[in-house]
Each structure stands twice: as structure tokens, then as C-alpha cells.
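**Student:** Structure in C-alpha cells, see below.
The values are calculated or read from the model by the stated rules, or taken from the named source; none is laboratory data. On a predicted model such as this, the values are computed, not experimentally measured, just so you know. Ideal geometry is used to build each Cβ from the backbone, glycine not excepted, and the neighbour counts take in all protein chains shown. Quick note on the areas: whole protein, heavy atoms, side chains included, nothing else; ligands and nucleic acids left out. Shrake-Rupley method; radii C 1.70, N 1.55, O 1.52, S 1.80 Å.
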Amino acid sequence: MASMQLMRKESAFVHEVTQDSPKSPEARLGMKVEDLWDVQEPQLTPTEKLNACFEGIPVSAFPPAPSSQVIEIKSDTSLAEAVRILADHKILSAPVVDVDAPEDASWIDRYIGVVEFAGIISEPPSPRSPTSESALEAAVNRVTNAASLGTLGPEDAAATSGNFFEALTSSEFYKNTKVRDIAGSFRWAPFLALQKSNSFLTMLLLLSSYKMKSIPVVDLGEAKIDNIITQSSVIHMLAECAGLQWFESWGTRKLSEIGLPLMAPDRIVKVYEEEPVLQAFKLMRKKKIGGIPIVDSSGRKVVGNISIRDVHFLLTAPEIYHDYRSITAKNFSTAVKGYLETHHEISPFVRGMVICTKNYSIKELIMKLDSEKIHRVYVVDDAGNLEGVITLRDILSRLVHEPRGYFGDFFDGVLPLPSNSRV
């Protein structure tokens, strides 16, 4: 029976796409899932069916990024230049290529890790450094110490004056620190990657249960990264599958029916609008999260959102804060919105934070996340009070489940988990 079912699944997977099939690569991929869905055993639950469908599709089938180019950063690139590259390409992270690796190196020897905005906040300037400061904090504190301001703490809004980050970004420490000094302090070395033959289910579980924001797919023959699959790209694929039976059977359920949001209101990490903006980034580092809401003085109303990605606005456009005595979360948001509107840049920051209620369906939420190109939505009650946060990871965690013993020895041989790991 198992072999017969496998043959049917393989037959469905290689089913030719007709001329009437959707045009987008993501929608065509959804049709392959639909073919597999149709041949599943009727006694399986919807989640079990989805698990079986995604197990039958290799990650090599996932469409590449629109640019069809994986952005890589050389290990001798400065921290300042790395921030600019990430910001220009609107990406959260990039693999770091070892400039000293031989031409015939395997992919493990060719890459030394990943540099990301989260790492700029969270990683020490050197893997061997005894300090617990992040690269950003180290640069900040060198500037503040030089100005006899002492070490920057959460309460030091006055220390982050309007011209503070201009001094920081022109500091020798910021310009001379190399990405190799902050890359590599991860659970897996140089990073956890999938082969083209690994399944969709493996990829989805790593992006949800194992809290990875992106996963490189390695071409072993070429010894290079062939694709990088992100949480956002998976959400976009799901949005393109609207109307298909497998998607509608799952996506029409209400958020409250599937246990979202996951976190109780009193456990939400937040920053008050009059607190220093650096407090927001410090909280993200401490709590190992990608974004937090800005709330009013009552702590109940959401007035904005700050994400890890937004740190680049402190570092790439420091001149926009000149008119502020201190850079609070509120002032930061106002300055960034003004900067983006002046430069006619399209960004979720201009549109502001996105909210929903528990009565939304998972499909409605996916369409909103995809259209707004955001990573989280804030759940509010009828009075507009904050009730929860739903992230891309939360949604993926409700799409599939990890079967007992699924990964087996998949993680064998990896480096032990360091204390400052984010995965």
C-alpha cells in the first residue's frame, strides 16, 4: 500500500502543467500540491494530507528570487558596507564568502556564516571577544565613551542626540570592523543548509518549529548556494495558491480556531513611544525577536512598529535626526517616514503598522502580509487594544506539524548551541 501511494504521489508530482494552469511559478507549485492532495487517503486529516503533500515535493521546485541572484557578501567587507548592501537589496541577511577559500573549496569551506541585521544587534564584534556587547553597541559605546557620556543604557535617551549616529557611522570602529568578525556565531557552522533533494516539509518545519528566518539551498555539484528560501517567500507562495482546494480547506479557518495569536497580551514585548529607540533594538536582542510594537503611554494602543531591519535607518541616513534633541521611538518613526516620503520610497514603514482581529481568516491574514510585505500583524480588540502579535513563523507553524522522529540524525555533527544563538 505504501509503495502504491508513493508511486501515485510521484506520478502526480510529474503531472504535466496544462496551458490553463496559473502563470506564476508559485501558483504552478500550488497546483502540484493540489495534484498530490487529490490522491491522499481520505481518512487523513487536512494537516496530515498537507504533510504528505509537502513531503512529496523537493525544495529544488521552489521558485528562485525575482532577481535570480543570491546576494553574497565577502568576508573582508566592512560592517558599514554590509549594512548598505543589505539595505539596498532590501534583505535581512546574506551569506558570507571566505575570500581566502581556495577555488575548489566545498560549500562548507567556501562560506563562513551569515551576516544579518539581527547579527549587527546581537553578535559580539569578534567570536573570540569576551564582551557581550553587540557590534552596534560596541560602536555606540566607543563613541559615547569618547564623548565622556559613559555606557549607553536603556534610560539614556539624551545620549542619542540628533547628530549622535553621524558620529557613530563616521567612527573608525564602525568603518573598519569586518563582517568576518560578527559572522559564524551560529548553532550550525557555517550555517544550516538544505540540499536540492530535501523536501518542502523539511524546509517548512525549519522555518517554523526551528525558528529559522531563511534557509540556503546548496548545489553540491557547484559548491554554492543555489537559492535562499525565506519565510516571506513561502507566505507569497501561499498567497498565490488562493482558490486551490488544499489552500481553501486550511485558509478559510478563523485565527481563533487555530490558536492564533500564540502569545497572551501581558507577555508581548513592547517599547513605549517616548523611550529611546535603542531600547527597542536592545529588547529585540535580549528577547531574540525580529520586531516589537511601539505603544502609547497606556501601553494598550499600538502606534507603530520597529523591526530588526529598521536598524539600517540609524546607520544609512543618520542626518535625518538633526532636528531632534533625542531619538525616541516616536521621533525615529516620524523621521524615517519623512525620509521615505521625501525620497518617494515604497516601504511598509510609510503605511504604518498593520492590525487585524481574531475574526480574520488565515487566508485574509496571508493576503494582507503578502500585499503589505511585512513580517508581523498586531491583533486588536474592538476597542483597538493590543491583544497579540502574529508573525510569519506563527502561520507556518499552523500549516504543517513535525511527525515523531522526523529529523532523525539530521542535526548530527553540528556544532553545540552557543549561549547567544538565535536559532
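**Student:** Can you say what percent of the DSSP beta bridges in the range 247-357, counting only those with both residues inside, are antiparallel? Round to 5. Don't skip to the end; give the middle numbers.
**Tutor:** On the way: 6 of 8 bridges.
Just about 75 percent of them are antiparallel.
**Student:** Now for a different question. Would you please give the residues with an amide H less than 5 Å from that of V295, counting only those at least 5 places away or on a separate chain, with H modeled from the backbone geometry?
**Tutor:** Sorted by chain and number, the residues that satisfy this are V271, Y272, E273, V303.
**Student:** Starting from the Cα of K368, step 7 Å along the direction of its Cβ; do the same at R28; then give the gap between the two resulting points in nm.
**Tutor:** Those two pseudo-labels are separated by 3.3 nm.
**Student:** Considering just Cα atoms, how many Å³ per residue does the convex hull of the range 181-339 enclose? Mind dumping the intermediate values first?
**Tutor:** Values: hull volume 29.5 nm³, N = 159.
Cα convex hull per residue, to the nearest whole number: 185 Å³.
**Student:** Mind computing the radius of gyration and Dmax over the alpha-carbon atoms of the range 255-350? Å is fine for both.
**Tutor:** That works out to 14.4, 48 Å for Rg and Dmax.
**Student:** Once amide H atoms are placed 1.01 Å from N in the peptide plane, what residues at a sequence separation of 5 or more from V114, or on another chain, have their amide H within under 5 Å of its amide H?
**Tutor:** Answer set, sorted by chain and number: V96, G184.
**Student:** May I pose another question? May I ask you to give the average projected area over all directions of the convex hull of the Cα atoms of the range 213-292, in nm² rounded to one decimal? Don't jump to the answer; show the numbers that get you there.
**Tutor:** Values: hull surface 36.3 nm².
Averaged projected hull area, Cα only: 9.1 nm².
**Student:** Expressed in nm to one decimal, what extension gain is obtained for the pair S60 and N359 from 0.36 nm per residue of sequence separation less their Cα-Cα distance?
**Tutor:** 104.0 nm
**Student:** Determine, from the Cβ-Cβ distance of I258 and H89 and an R0 of 30 Å, the FRET efficiency 1/(1 + (r/R0)^6), rounded to the nearest 0.05.
**Tutor:** So the FRET efficiency works out to roughly 0.35.
**Student:** With a probe of 1.4 Å, find how much accessible area the range 270-417 has per residue, and write the answer as a whole number in Å².
**Tutor:** Per residue, the range 270-417 has an accessible area of 48 Å².
**Student:** Under a Cβ-Cβ cut-off of 11 Å, what is the net charge of the residues other than I390 that fall near it, where Lys and Arg count +1 and Asp and Glu count -1?
**Tutor:** +3
**Student:** Please list, or write none, the aspartates and glutamates whose alpha carbon is within less than 13 Å of the alpha carbon of K23, excluding same-chain residues fewer than 8 places away.
**Tutor:** Reachable aspartates and glutamates: E240.
**Student:** Shifting gears a bit: In the neighborhood of Q195, defined by Cβ-to-Cβ distances under 10 Å, what is the net charge if each Lys or Arg adds +1 and each Asp or Glu adds -1?
**Tutor:** -1
**Student:** Efficiency by 1/(1 + (r/R0)^6): what FRET value for D76 and Q245, r their Cβ-Cβ distance, R0 = 51 Å, to the nearest 0.05?
**Tutor:** According to the calculation, E is roughly 0.50.
**Student:** Quick one: of K90/K330; K90/K175; K254/K286; K32/K90, which pairs are farther than 28 Å apart, Cα to Cα?
**Tutor:** Pairs exceeding the cut-off: K254/K286; K32/K90.
**Student:** Using the alpha carbon gyration tensor of the range 241-282, what are the three equivalent-ellipsoid semi-axes (square root of 5 times each eigenvalue), largest first, in whole Å?
**Tutor:** Equivalent-ellipsoid dimensions as semi-axes: 36, 14, 7 Å.
**Student:** Sticking with this structure for a sec: Go through K270, K287, K23, K90 and list them by solvent-accessible area, largest first, probe radius 1.4 Å.
**Tutor:** K23, K90, K287, K270
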